[in-house]
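The values are calculated or read from the model by the stated rules, or taken from the named source; none is laboratory data. These figures come from a predicted structure and were not determined experimentally. Cβ coordinates were reconstructed from backbone atoms using ideal geometry, including for glycine residues, and neighbour counts include every protein chain displayed. The protein model used for the area step is the full one, side chains on, heavy atoms only, and it has no ligands, DNA or RNA in it. Shrake-Rupley method; radii C 1.70, N 1.55, O 1.52, S 1.80 Å.
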Amino acid sequence: MSARILVVDDEKEIADFVELYLKNENYEVFKFYNGRDVLKCLENQTIDLALLDVMLPDIDGFTLLNEIRKKHNFPIVMLTAKTGSMDKINGLTLGADDYIEKPFEPLELMARVKAQIRRYTRYNDNKSEEEKDILEIAGLVLSKNTHQCTYGDEEITLTPLEFNILWILISQKGKVISSESLFEQVWKEKYFKNNNNTVMVHIRHLREKLGKAMGHRELIKTVWGVGYKIEEQ
């Protein structure tokens, strides 16, 4: 069964152009020129990847991205004529998987689409329920069933909060996760500005434990003013 791809761009020529290339690769395409129709489509259709323009006439791309991420985890590639780094950071923070600037080369776009679908299929659709409860990165293994964290033959003792923080960062590796998002997902409470210190302290303890076990390798990166991330290895 071919992948089902959502194309959202208010520039009809670009949307039609992208649709043509995708169909030539035997993908099934759902094409829209505004955000509201996209949300209606997602109520009834299963999508494997979205190509999402930042500038839309009704709902801006970042707002639409945020709405999609509330219910769906398929890869999202942002398309934009903007070149500002903050736009990229905003998109990645909200849950975009990749970013490509207009004008783009069709072959580059197709390569990124294929890479994202390959990754999504490998790590999501084809996993057994047991495999979904295990995360691995750089020799570090987390088991959700046993709440154990190991590196090689060594078990790293983590508190439940530390384990949950690490699980979120690894499960969304490559993405920047804000302090607000981490706090609300782990502590299950509304985030306030002073809660940032709470997150920072737990991140520091987590880094110390991981560094000691992994030879002081810095797994968790800080993106200043935005949040934290673990890079793809």
Failed criterion for Cys149 (all others in (1) of a type in the set (A, V, I, L, M, F, W, C); (2) in a helix (DSSP H, G or I); (3) in contact with a strand residue (DSSP E or B) (Cβ under 7 Å, 6 or more places away or on another chain); (4) within 24 Å of Arg119 (Cβ to Cβ) hold): (2)
Of the conditions (1) modelled with pLDDT under 90; (2) outside any helix (DSSP H, G or I), the single one that Asn197 does not satisfy is (2)
Log entry, pairs with first residue in the range 52-74 being surrounded by fewer than 21 Cβ atoms within 10 Å (Cβ to Cβ), second being among the basic types (Lys, Arg) and modelled with pLDDT of 85 or more, beta carbons closer than 7 Å, six or more apart or on different chains, reads Asp58/Arg36; Ile59/Arg36
Could you identify the single residue in Asp87, Asp53, Asp97 that is modelled with pLDDT of 85 or more and of a type outside the set (A, V, I, L, M)? Asp53
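Sort out which residues of the range 200-217 are assigned to a helix (DSSP H, G or I) and touching a residue at least 60 places away in the same chain (Cβ under 8 Å), and write them in order of number.
Step one: of the range 200-217, the residues assigned to a helix (DSSP H, G or I) are 200-213.
Hits for the range 200-217 are Leu210, Ala213.
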Pick from the range 219-233 the residues that are surrounded by 11 or more Cβ atoms within 10 Å (Cβ to Cβ) and of a type in the set (D, E, K, R): which of them is modelled with the lowest pLDDT? Glu231
Scanning for something in contact with an Asp or Glu (Cβ under 6 Å, 6 or more places away or on another chain) and open to solvent by 50 Å² or more (accessible area, probe 1.4 Å), does the range 37-48 turn up at least one residue? no
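Could you identify the single residue in Glu184, Glu136 that is of a type in the set (D, E, K, R) and assigned to a helix (DSSP H, G or I)?
On the way: Glu136 fails: assigned to a helix (DSSP H, G or I).
Matching residue, one of Glu184, Glu136: Glu184.
Suppose we keep only residues that are more than 12 Å from the chain's Cα centre (by Cα) and open to solvent by less than 50 Å² (accessible area, probe 1.4 Å) within the range 154-177. Which one would you say is modelled with the lowest pLDDT? Break it down into steps so the answer makes sense when it comes.
Taking the range 154-177 first, the residues more than 12 Å from the chain's Cα centre (by Cα) are 154-167.
Subsequent filtering for residues that are open to solvent by less than 50 Å² (accessible area, probe 1.4 Å) retains 156, 158, 162-163, 165-167.
Numbers: Ile156: 92, Leu158: 89, Glu162: 92, Phe163: 93, Ile165: 94, Leu166: 95, Trp167: 94.
Selected residue: Leu158.
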